[in-house]
Every structure is written in structure tokens, then in C-alpha cells.
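Here the structure is laid out as C-alpha cells; the discussion comes afterwards.
The values are calculated or read from the model by the stated rules, or taken from the named source; none is laboratory data. Bear in mind the structure is a predicted one, so any value in this text is a computation, not a measurement. Cβ: placed from backbone, ideal geometry, glycine included. Neighbour counts: every protein chain shown. These area figures cover heavy atoms from the full protein model, side chains too; ligands, DNA and RNA do not enter into them. Shrake-Rupley method; radii C 1.70, N 1.55, O 1.52, S 1.80 Å.
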Amino acid sequence: MSNFLTLDDMTLSTGKRARLYRLLYGHGPGNGTALFLPIDQGLEHGPVDFFPNPPSKDPAFQCELALRGGYTGLVFQIGLAEKYMHAYAGRVPLVLKLNGKTTIPSDDEAFSPQCATVEDAVRLGADAVGYTLYVGSPAQAEDFQQFADLRAEAEALGMPVIVWAYPRGSAIEEKGGRDSIYAVDYAARTACELGADVVKINLPKLDNLAALPKPYNALADDEAAAVRRVVESAGRTLVLFSGGSKLGDDDLMAKAHLCMGAGATGLIFGRNMWQRPMDEALAITARIKTEVMSQYPRELRG
Amino acid sequence: MSNFLTLDDMTLSTGKRARLYRLLYGHGPGNGTALFLPIDQGLEHGPVDFFPNPPSKDPAFQCELALRGGYTGLVFQIGLAEKYMHAYAGRVPLVLKLNGKTTIPSDDEAFSPQCATVEDAVRLGADAVGYTLYVGSPAQAEDFQQFADLRAEAEALGMPVIVWAYPRGSAIEEKGGRDSIYAVDYAARTACELGADVVKINLPKLDNLAALPKPYNALADDEAAAVRRVVESAGRTLVLFSGGSKLGDDDLMAKAHLCMGAGATGLIFGRNMWQRPMDEALAITARIKTEVMSQYPRELRG
Amino acid sequence: MSNFLTLDDMTLSTGKRARLYRLLYGHGPGNGTALFLPIDQGLEHGPVDFFPNPPSKDPAFQCELALRGGYTGLVFQIGLAEKYMHAYAGRVPLVLKLNGKTTIPSDDEAFSPQCATVEDAVRLGADAVGYTLYVGSPAQAEDFQQFADLRAEAEALGMPVIVWAYPRGSAIEEKGGRDSIYAVDYAARTACELGADVVKINLPKLDNLAALPKPYNALADDEAAAVRRVVESAGRTLVLFSGGSKLGDDDLMAKAHLCMGAGATGLIFGRNMWQRPMDEALAITARIKTEVMSQYPRELRG
Amino acid sequence: MSNFLTLDDMTLSTGKRARLYRLLYGHGPGNGTALFLPIDQGLEHGPVDFFPNPPSKDPAFQCELALRGGYTGLVFQIGLAEKYMHAYAGRVPLVLKLNGKTTIPSDDEAFSPQCATVEDAVRLGADAVGYTLYVGSPAQAEDFQQFADLRAEAEALGMPVIVWAYPRGSAIEEKGGRDSIYAVDYAARTACELGADVVKINLPKLDNLAALPKPYNALADDEAAAVRRVVESAGRTLVLFSGGSKLGDDDLMAKAHLCMGAGATGLIFGRNMWQRPMDEALAITARIKTEVMSQYPRELRG
Amino acid sequence: MSNFLTLDDMTLSTGKRARLYRLLYGHGPGNGTALFLPIDQGLEHGPVDFFPNPPSKDPAFQCELALRGGYTGLVFQIGLAEKYMHAYAGRVPLVLKLNGKTTIPSDDEAFSPQCATVEDAVRLGADAVGYTLYVGSPAQAEDFQQFADLRAEAEALGMPVIVWAYPRGSAIEEKGGRDSIYAVDYAARTACELGADVVKINLPKLDNLAALPKPYNALADDEAAAVRRVVESAGRTLVLFSGGSKLGDDDLMAKAHLCMGAGATGLIFGRNMWQRPMDEALAITARIKTEVMSQYPRELRG
């Protein structure tokens, strides 16, 4: 798949293009690909995620990793952005996550309420906003409406929107689960239809196909084909794959290759990075940039 | 039935008339009838609908089909409109669908939340907006309220409103099902009463009449009479019939004749068109326009 | 000058592109050029302009001329649009003029107040709005501010803005007059800088150069070069030339050739058209389209 | 002139049509013509106008006259409407005058500020609003802007707008004066262009033609032709002629015939009515209705 | 003066710091100094400024110069930004000029009305906004008020404000003229007091000191001391010096050294750059960056 999606294909306003250009060409790998460092797990999962690498509990750790590792951007909730970004302002791009929740209540009617606004993101000099959409949740209607308002405000202010498209709810569990190719494929398309500029999804799993709705239950995709499939379902939406829980170096490198080779624009690796000590995190970051991202440049026409 | 409803009969504001005239006389068959190409199934049904014709997964396929086939308009959600319409702006009319949902959660309390606004439609140069109203759903009250706001905004901006009037919910299932003549007839009237300019409905089915409320359970309508009945229930609301899942050529042509002969203003055929390869889709499109739509012209007085 | 400005060069939003495409390719000459019929003289000059051709006093005359002659669009103030466009809605595009004044008070501090809004234009299904900007008037500051608000609203609603860029005021009279190449050149650039999508200007005059500021006082332009100069000063703004008071057929055809040959996108001829009886007006319209506009097509890439 | 303008020709919204129908067919002469009783002179001229008939100082006098004489409607400023209409509500239609001024300051920069809103008119159950527009005044820009806002609000609420179109200012005095055919003709057209539904003008005078701008200075109109001319300039705007200062019976009857015969929709006679004792006022009112208005019925198609 | 003002000294919000960091360290010289390319002269002076180098009439010339020369940012009015920045979005920072005027009307009551908003700047992805403040003009009160609103909006959105602080008006002429040390010193302080983040001033002139108010009339400053003086008056406001009309190479280099050596943060050279052919413009740009700007780095603590 040499025909990668670029900013030229996306009908972007001048402001969205300026900000996405800064992310994709002015920071990170710098060749049109993206490597984001998310640090919203303290809210989403609680401090449990910091136990493997205690210094990571201090957001300054991730700021420093993002700066020294040359990441495309940091992903913060409003509180962390207000408290930790000042010294890094302009040096590390900010993606302000606009909604969030804890993992404490049941996920049965998953819904992530808005905690900050697009105007907050502008005020803080962010280059994109993030939003978690729980595709298929019983609370989907409320979620779509909340997202619609945010999307419109982002459009008016030229702010790119990254959608964390996460299948959720009992209906999705009954149809093969949140990471099935059926679920991920549908989530990618949903983000495209609702107006995401960038969508973050998980790698689709190909086990247990029999449980999926037709015709997914008869799919002959291998892993690479499945990734290509969901990238295609995202259409003119840039795709990021998340890293999920921590993997060994070889598995992580293989995952990066798999995603980028199948047409993803980038990766958003959190625990896999900052659950390692700084030196190891910087080393694996450098490997991903050198060995993977450099292989998938996107050239613009302009 | 030679006494077709025309724009002259509808007490339209200048703006609504301008936009409906463009759809009905400036594009598509061009004689006052309509042939729309909807492409919101990626959200409503998921990518499953694209499996029969994989190129259809890329919305550029439908844009090209609409342009080359000379459709009355394309129906897109906001995300697809933002990303795919620029090159077709002014060449193919846009109907912006303002609400939508996935098929993942249960349909028991069907409600389709708003994903975009009438102002978005204006901003994108659309000639109409679309809204799915789940007539009879337990969530009907919320639906009516959401629709009322949208209708008022559309009125103020001269934007025609097309209502997808879909009977839903356990109550409707207990009374004969969503496609019964009782359900469709009620839905058509509901759209007219609430202020739709155009209503999209499914063909009413005449099997299992005994299950319907009186006096529908004793109806002697044949198929054509049933279609006339629902068209009449829509009153001064233009009626579009949907194609539903894919039919063979002869069945599709027969369906088109049945609807148009009974007074429909037009057809809105999605999967029946873009689940075919481009050449076949263009061929059947041409047949419908030549053999069917040309038979039912509406002349204006002006 | 074969390198004509097209919609592809203008960084247009989808809505502005849709509406400009309709004007330039869906109506009028249909090849990317424009021939507008303005009928705002009843307000700007008073009924005096209708004396040469009394039927022209009834705006229905101009509506009929625009329809039968196949014009790109009619230019109306809000009152005429409300009262006369309904029967022509969708058949003849509308440009709603948003400000205006009478010729009665002194022109010393020329300022044209807003009489309608961009939202009125949307409501009436217009494809563009018009605004008269008195460049150089002592009231210029108020004018710029009024225009800025209108431009922002038009941008938000995807509505193209046509600026009537008219030099006015004692300062401009002291520097060579309102139709001098200095004045027209400055007006064209001003419209571009302030955000017009289309600018309407008068043909620059080359007599009395000595009165102009340097270096215009030493200009060696012939007529064609002068027109090219002002078209270039408008940059990525489409240029329309006005016809002014009524000319004979040969002079009018020569003027049309001069403007279009020098890179104008179109002509906006009012009195020169509707001060003739209908048959003559239709005849000269046809000649301009056949002999002139057809020679200057603009092809789009898309 | 048998081709009278009717409500059918005016592209009226349902609300404006309902209110104008009530005025023109439900009250007054009842045949599509209008006879209004204005009582805003207490503000515009001061109590001086009440000296000839002291009971007229009490607005109850005019209320009673309007009711017993069967007028089309009363014209009041907000204070009189609040205080005197309650007992007549529904029995005599109300036209709420929305702007006004005293005659005390100089008329050089005539401008009539808004004293009430369209919403006040709705709240009081009025069937139309009135607005005085000083065409040609140096304050014309402010006037046009104030009117534009009011017109938009009236449009949104379905409230008919009657414009008192009065030429004013030194420029108009230099060009032949406020009642010249030039001035009145321009004023009529201005009201039409800016969106009046009804325009109230004074009878044009034909003396001193030489002082008028070309080609008015060479006009060969007799009185009837002059009135027809201004009625035609108003286009699809209903025309009312004012009575001005008090005339004798024969002159008043002649004036009424002149206006109605030339195409006016109605008359708005104040001082000529309420400066007479009640019995005389009722008598002349009856004569106008019987001998004049009955001669000029307008039939609707519907 | 080794104690240069840096972003660390300015109590900047995170957003303002992010944007200023991008300008000062992410683009241009990249060491904390600034070299801006303004192109608002087409509006402020008219097309006359383009005569010395005709290709400069096309704003694409300046875009290309800014990109290839590695400027800190381009300064555009809204119209040019909308039409010319898309291809350069993110590659060349944008400073959106928010007010402007033509040079046509008298400068006696100089006032530059707002032509765009801070929100426009955000929407277009600008990194700063520009505002011309006419210090001392009779219209100063209106100017201060307009600026106050804009400053507050910029503060809320984290957008840096660059003030073009220009002394103007007869009072300033009577006190030694707009470029006197008195006038420039006062202007610099005014910008600081009213809330500019950056101030653009002209080099103060030291001739004709006797005409200045005490104690400026007895000043013993040499040129460098005078520049230091105004830089100090700007306090914690970054100072840019303008180039003014075109100079020879040696004079330009000397001016650059003078300003930077005296503590300026940067230069904003327009005509001196784009009135040269591209190659010459790039060559002198490179010399200024290499020979001057590199000598005055500002290091941040963070």
C-alpha cells in the first residue's frame, strides 16, 4: 500500500492544515508520520499504571520523555496541561483530551463526559483535541450529541479532532467483543462518518471469528489485511494505532511495522513507553523512529 | 393518478423553493422527479454493506456514481460531506443527514441523535437536510423535540427537510411490524404533521393484515392502492421510497414503476445502486431514469 | 493572458465553492465566466434609470430577461428579492445586495448602510451576497468594520461575497478621480486584502494621468494593459467589470472583449441590458455570450 | 388601471397574509381596500393638531370614531396602544407605529428613532407595524440600518410592515422639495427595495417641475398619471396615500377618487377625519367608503 | 546590553508562550530573535509599493520568499491569509493583521478599523495577531477602546498581540513629528501599558531635538542610546523595528545591527526585502540571519 493518505487529500481548512502540518512535519518523525505519547491513563485507569515505573507518576517524566524523544505530541487532560505544559509550550505539541472518565463505575453504559473545551485547547496553544467515543454503547446517543457540538466548535476554530474510537457495551460483547475486526472496523468508519480528522483505534483481533456478525464471521484476512481493512474504513481520516498494555521490544517493533505498513499515519504508544525507565524509553523511541517511521514518509504536493 | 403534487402546491418559502427546484429540475431526472443516492449505511449498518462491492467502501465511488449517473443528490453524514464533497461541490447536490446512529446497541428504544446542524448544511452548500424520525419508538418524545428545533432552524434558513420516517419499537412490532401498511401510513402522516417537506418511507407490506389495528386489518388495497394510500397520507409532503436491500434488475424496475405510478416524487436507492460495479450501477441508473422517471413529469405553473 | 484564475486557485470552503460553481458553471455562459444582471439602480439612482425603457420599472421585466437570456444571476436588494424571486427561485440565481443607499444626500462621506443580512441571503436561497465598499471615503473606517462583520458571517455560512469596490470622497477626487487607474487599482487590491471572493470594478480611465500620484502619473499602459493591471491587483479575487451607463452595441461588445481578454471572470451589465426593449436586450445578451464569453472558458481540474 | 395589486401577487408568508387579510377583508371597506385612521400627530406635531376639535385630544375619540366608522385600523404609538386599545382589542385592528419623534428639533438631519418593537406589536395583537423612513436625509444610513433590523424581525414574526416614506433633508429641498414627483417617486421605490409590505406616501405635486432633476423636469404627467407613476414605482408594495392637513369635503372626496383610481390600495386620513366633530367625521367616512372605496374592489384568486 | 528580554521574563500564559516559542525558536533565526516579512502595504499604501519589483504584486511571491528565506512569519490581512496561506499552512507562521486602512483619506484623525478578529486568527492557525495603534491621534480614544476588546479576546485565547505603535496626528507633528525620540519613546511605553506582547516601532530620529517637549529637547543620546531608550520604555514587551522604505544593503545591515545590538528582539522588514528580486531578497535575508541575528541569541531557562 504505497498510496498513503496525506493532508492534501483531506479538504482541510487552513487552520486545521497548519496544526496538522506542525504535528506531522514540524515535530516527531517529521516525515508526515506521527508518534504520540498519551498520558491520560492516570484518569482512565488510575495510578495503577504508574506502579511498574514509579517516576512516571510525575507528569514531568512524560514531558521530558516527549521532549527528549522528539514525540509528535503529548496527550493531556486539562489539569495536567495547565500544570505541566508551560515549560514545554511550543517545544512539545499538546493534544488536549476533552473528555474522560475513571474506570471505577461499571463500563456497561460507557460514556465519557466533557472535561474541557476546544476553547481551552486554543487558549493553551494545543495543536489538536482528543475525544473518546464509545461506539455501540447504550449511551451512544448522548455521546454522538456531545461530540457533534465539539466537532462544530473545532471546525470553527480550525482545531483538528482526534477520536479515540472505542467499541463498548454489552451489544458489542455479544457480537465478538470490543477488539474484534467487526467492532474495530465499524468504529473506524463511525469516526470518519461523524467528522474525525484523526482516529485512534486498537489493533483488530482475528481470533473467535465465528462469533462475529456476517460476513465478518467468514473473513479470510491475515493480520496485515485486517489492519489495511480498518485503515480503509477510516477513509480520509488519518489513523493512529494504540499500543495498549506493555509489550516486549520485539513485539512492539513488530506491531509498529504491522500498523505503518498497512497504511496507518502513526502510533500512539503510552504505557509501552513511559512504563520503561527513561533511558530504555528513549532507546525504544529512537528505534521506532529510525527503523519504522522513516520507512513510511508522506510527501505533500504543495 | 395524474394529479401529482408539485412545488406550486406546497406554500414554500423562496429559499426552500429555490433549493427544491435545484434538486428536482436542475439535477437528476430534471422533470420534477427525484433519484437520490444515499450513503449513510457505513454508519447505520457498518462496513458490512460494502462487502458485496468492495470499491463502494470508498465514498469517492458513490460521488463518482452520483456525478456520472446524474443523481438528484448524494446523502452524506457530516464527516463524509466535509471530506469528500469539495471536488463535487455544485456538481452534485448534497443532502446532509443531520442525525444517525450505529446498529450496534439494541433498537428497542430507537433514537437517532443529532450529529450536525442546519447551519452545517448551509455552510457546506447543501440543498436539503435529512432527519431520521423513529415513529412509535419509546424515545419518540425526545425525537419529536429534537426534530422540532431542527425544523424551526431549517425554516428560518430556507432549507428543505427530508424526514426518514421509520416506524420502530415494540409497540409497532405488536401491531404488525415496521413495514405494515398501518405503520407506514401512520409514519407518512406523522412526517406531514410535524413539518417535513419531503418524507422518505419504505414500501408498505400487505401480508399479515390480520395483525393490524382496525380498520387496517380489513383493508382491500392491492399494492398500488397501498402505495397511493401512504402518498395521500403524506399530503403536501413530497414522498420518496427507499430501495432497501439489493434486488434483481426486474424487481427493482418494477418497484420503481410501482412507486412513481402511485404518486411518489422520487426514489432513494442506495445499496441497490452502489452494491453493483460502476458500469452496472450506471446502466441500471440510466434505465430507471429513461424508462421510469421520464414517465412522471411534474410541470410548474410559473 | 491564458492563465485565468479559477475556483481551483482560491482556497474556497466547500459551501463557497458549491455556490460559485453553480453561478459559473450551472448558469449563465456556463464555462466558468459570468454575466450578471444587476437591478439595484432603483434604489441607488432612483426611478430615473427606468425612463428610457418604461417596462423596466417593473422588476418582473429583469427577472424575465435574466431567465430568458440565461444570466449568471440577478442582483436584488432584499425588498425586490422577497417580492419578485419566488417564481424564479432556483431557475435564476440570486445575488442579494446587502447594503445600499439613495443618491439623494451628498456623496462626500459616502457610506452604504446594511439593509439585509447574510442570513437573509441564505433564507432566500441566494448564491452570493453583494456589498458596496467606498474605498477612500471619509467614512471608510465604519465601512471596513461593517464589512468585516458581514465577511465573517459569510465565511461561516459558506456564502460568496461580491464587493462593489468604488473609490469615493474628496481625497480620491484630488488624486485624479474615482475612475482613474490609481483609484481602480487601489480599490481592486483593497477588496482582495479585506476578503472579497469577487470584486466588481469600473473600467479604469487613462486620461489625465498627470493628476495621479506617483508612479501612476508616468504610466505607459494602454487600455488592455490597464485592465490587466487591475485584474492582477485583485489577485485571487474574481473580477467583474460593470457596464456603467448605456453604450451602443459596438462599444458594448468592444468593452466586453477588452475586459474578458484582460483576465476578467465576467461582466455585470445592467442599464446596458434592461434599458433596451426585451427583444433587443435578448439579442445583445446572446451576442455577448456567443461572441465574447465563449472565447474565455476556464476549466477546472476536478 | 384595472390591474390592481392584490395579496396574491406579493409572495407573503402565511402570517403576513393572515394579518393583511384581516385588515383588507375583515375590517374597513372589506373589499381589499383600506381606510386607516392615524393618530400619531400628538407626538409628531404636538397637541396643536387637536385645537380645531378639542375632543380629539382624547385618544378615546379616535378609538370610537374608528369603531363606529368601521376603519381598517388605528395607528398608535406604544403609549396610546397600551392605554387605549384594551376595550377595542379585536374590534378595531391596531397598527403599532414603531418609531417617532417630535417636531421640536430641526428637521435638517431628520431621523425617527425606534420607540417600540415588533414584539410589542405582537404582544398587543397588532395587525401591522408602522415605520417612518426619511428618504434622502443626511441620517439616511442610520435610518436604513434601524429599518433593516426591524424588517427582519417583522419577517420572522409574520408581521406586515407599513413604511411612511418621507423625503427629507436639504438635498431633497434643493432638488424640488419633499412633495415633488421626483421625491415621492424615489421614496416609493425605496420602500419597495428595502422591503416594505405597504408604503404610505403623500400625493406628488406637479408645480415647479423645472427645479427637478432630469428627466422629471420635462414630465408631461397630469395628476392622475403622476399618481399612477408612483404607485407603479412601489411595485408589489401596497400603496396608501395620506390626507395631509384638513381639506373641505369636495376636495377630500376628489383626492380619494384620484388616489384610488390610480391604483392605490387605500387611504390613511387623520386630521381630515378627527378634526371634525364625531357626526361629521362619521358622515364623511361613510361617503368615502360608499362613493369611493366600493368602486375599487380587489378579488383574490384563492 | 547583554540582559536581553526573553519569554521567561514575560509572565506569559501557556498558549501565548507556545505561540511565541514557535515564532522565536521554531522558525526564522531560531535563536529567540525574529525576522518578520510584512505584506500589508497593498492595503496601507496601495499597489504603488509593488512597482519597483512587479512580481511582488502577487502575494505568492512573498509566501515563497518567507518559506525559502526562513522567516519568522508572514504578516497578512484576512483576505490574503484566506487566499494565499493554505499551501504554506504550518510551514510559514502567520501573523494576522486585525486592522487596516487605505492611505487615501486624510491622516489627520488616523484610525485603523478592525477588519478581522482574534477568532479569525485562531481559525487560520495564526501564531500572533497584529494591530496598528495610532498613538496621539485625535481618534485615540476609539482606538484604545477597539484595542482593549481585542486584547481581552487575545488573552482569553492565548494569542500573542503585536502592536504597530505609530505616533500620529497634528499634536504629535507639533511636538517634533512622528519619528522623533519623544514620539517613539512614548509609543513604546503606550504599547507596554496597554498590553501588547510585542511592539513594532520605527527607529527614532535625533535631528531637530529642539522642537521636542522637555526634557527630550536636551537629550544627549547617540543613535544606539536612543534605541536602547525606547527598548527600555517597552519594558517586558518584545520590540521589533521596522525597515521603512527601501535602503541600500550596507545601510540595511547597519540598521539591523543597530537595532539588535540595542536590545530589539527582532526586525520586520517588508519593502526592503520584497522590493528586491527573489535572489537578491534571499541573499540579503541570509546575510541578516548569519551576520546579525546569530549574534544576539536568547536562551531560555526551561
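Okay, here's what the table says:
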{"quantity": "Within the stretch E:203-220, tally of residues that are surrounded by fewer than 16 Cβ atoms within 10 Å (Cβ to Cβ) and of a type in the set (D, E, K, R)", "calculated": "2"}
{"quantity": "Yes/no for A:L203 being part of a loop (DSSP other than H, G, I, E, B), in contact with a Phe, Trp or Tyr (Cβ under 8 Å, 6 or more places away or on another chain) and hydrophobic (A, V, I, L, M, F, W, C)", "calculated": "yes"}
{"quantity": "Enumerated helices (runs of 4 or more DSSP H) restricted to the stretch A:124-195, each holding at least 2 residues that are open to solvent by 10 Å² or more (accessible area, probe 1.4 Å) and within 14 Å of chain E (Cβ to nearest Cβ)", "calculated": "A:140-157"}
{"quantity": "Any hit, the stretch D:202-216, residues being within 12 Å of chain C (Cβ to nearest Cβ), under 26 Å from C:P38 (Cβ atoms) and in contact with a Pro (Cβ under 8 Å, 6 or more places away or on another chain)", "calculated": "no"}
{"quantity": "Residues (surrounded by fewer than 20 Cβ atoms within 10 Å (Cβ to Cβ) and among the small types (G, A, S)) located in the stretch A:221-241", "calculated": "A:A224, A:A225"}
{"quantity": "Selection within the stretch D:106-123 - open to solvent by 50 Å² or more (accessible area, probe 1.4 Å) and either outside any loop (DSSP other than H, G, I, E, B) or modelled with pLDDT of 95 or more (or both)", "calculated": "D:P113, D:Q114, D:C115, D:T117, D:E119, D:V122, D:R123"}
{"quantity": "Odd one out for C:L96 among (1) in a strand (DSSP E or B); (2) more than 14 Å from chain B (Cβ to nearest Cβ)", "calculated": "(2)"}
{"quantity": "E:G90 at positive phi, open to solvent by 10 Å² or more (accessible area, probe 1.4 Å), within 11 Å of another protein chain (Cβ to nearest Cβ) and in contact (Cβ under 8 Å) with a residue 24 or more places away in the chain", "calculated": "yes"}
{"quantity": "Some residue of the stretch C:70-86 being open to solvent by 20 Å² or more (accessible area, probe 1.4 Å), at the interface with another protein chain (Cβ under 7 Å from one of its Cβ atoms), without any contact (Cβ under 8 Å) to a residue 40 or more places away in the chain and on the phi < 0 side of the Ramachandran plot", "calculated": "yes"}
{"quantity": "Matching residues in the stretch C:23-32 - criterion: being within 12 Å of chain B (Cβ to nearest Cβ) and either within 25 Å of C:S56 (Cβ to Cβ) or under 15 Å from the mean Cα position of the chain (by Cα) (or both)", "calculated": "C:L23, C:L24, C:H27"}
{"quantity": "Subset of the stretch E:8-22 that is facing chain A (nearest Cβ under 9 Å) and within 17 Å of E:A234 (Cβ to Cβ) - its residue that is surrounded by the fewest Cβ atoms within 10 Å (Cβ to Cβ)", "calculated": "E:L12"}
{"quantity": "Lone qualifier among B:L267, B:L282 - being aliphatic (A, V, I, L, M), closer than 22 Å to B:Q41 by Cα and surrounded by 19 or more Cβ atoms within 10 Å (Cβ to Cβ)", "calculated": "B:L267"}
{"quantity": "Extreme residue, nearest to the other protein chains (Cβ to nearest Cβ), among residues of the stretch B:37-58 that are in contact with a strand residue (DSSP E or B) (Cβ under 8 Å, 6 or more places away or on another chain) and surrounded by 24 or more Cβ atoms within 10 Å (Cβ to Cβ)", "calculated": "B:I39"}
{"quantity": "Single condition A:L35 does not satisfy, out of (1) in a helix (DSSP H, G or I); (2) more than 17 Å from A:T237 (Cβ to Cβ); (3) within 16 Å of the chain's Cα centre (by Cα)", "calculated": "(1)"}
{"quantity": "Residue among B:K246, B:K289 that is out of contact with any helix residue (DSSP H, G or I) (no Cβ under 7 Å at 6 or more places or on another chain), farther than 17 Å from B:K200 by Cα, of a type outside the set (A, V, I, L, M) and open to solvent by 30 Å² or more (accessible area, probe 1.4 Å)", "calculated": "B:K289"}
{"quantity": "Subset of the stretch E:155-177 [closer than 25 Å to E:Q41 by Cβ, among the charged types (D, E, K, R) and touching a residue at least 24 places away in the same chain (Cβ under 8 Å)]", "calculated": "E:R168"}
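Residue-by-condition table, conditions (1) within 22 Å of B:V199 (Cα to Cα); (2) assigned to a loop (DSSP other than H, G, I, E, B):
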site	(1), (2)
B:A18	yes, no
B:Y25	yes, no
B:P52	no, yes
B:G90	no, yes
B:K101	yes, yes
